[in-house]
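Data block below; observations after.
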Amino acid sequence: MTVNIARRLFSTSDYARMCESGILAEDDRVELIGGEVRAMTPIVPLHAAVVKRLNILFIQRLAETAIVSVQDPIRLNDYSEPQPDLAVLRRRNDFYATEHPAAQRSLPEPAAIGARRYDCFAYAVRYRAICR
């Protein structure tokens, strides 16, 4: 016997309201992927070290022309707002104080060492779509 379970997909607006109302706390390790609120993988020491090294490298090379964003949300579409380890953003004077960067304004670079295979695949598919 197959049981069909109704699923409700959340939009980025729904997700923001969940954060604003306290349903999701600021320090919860979750992100919105394809309308689903998903737990993010833990950051193991090697993963953190790679992110730190890439952050330093990107800042040294791009400080005058771009913003290097570390584990901040990026709006890919109405149903996805992942938090990539690193993203190189177009420079803006307000440093995106009024809105999260959108896909057309960013080029994420995930440092997915130690992440689950699913996470790597999910990130690769979504980021490839916006980096073309």
Calculated from backbone phi, Karplus (6.51, -1.76, 1.60) coupling profile of the range 38-52 in Hz, x at Gly/Pro: 10, 5, 8, 5, x, 8, 7, x, 5, 4, 4, 5, 5, 4, 4
Other-chain or far-sequence residues with amide H under 5 Å of Val30's (modelled H): Met40
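Could you calculate the FRET efficiency of Ala49 with Ser13 from 1/(1 + (r/R0)^6), where r is the beta carbon distance between them and R0 is 41 Å, rounded to 0.05? Don't skip to the end; give the middle numbers.
Details: r = 36 Å, r/R0 = 0.87.
Taking R0 as 41 Å, the efficiency between Ala49 and Ser13 is 0.70.
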Long-range amide H partners of Glu36 with built H, under 5 Å: Phe10
All-pairs Cα distance distribution in the range 1-89, expressed in whole percent, bin size 5 Å: 3, 13, 18, 18, 16, 13, 10, 4, 2, 1, 1, 0, 0
Vicinal HN-Hα couplings computed from phi for the range 5-18 (Karplus, 6.51 cos²θ - 1.76 cosθ + 1.60; Hz; Gly/Pro x): 9, 5, 10, 10, 8, 9, 8, 5, 5, 4, 4, 4, 5, 4
Long-range amide H partners of Asp72 with built H, under 5 Å: none
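Rule-based calculations on the coordinates, nothing more; no lab input. Owing to the predicted nature of the structure, the values given are computational and were not obtained by experimental measurement. Cβ sites come from the backbone with ideal geometry, for glycine too, and all protein chains shown count toward neighbours.
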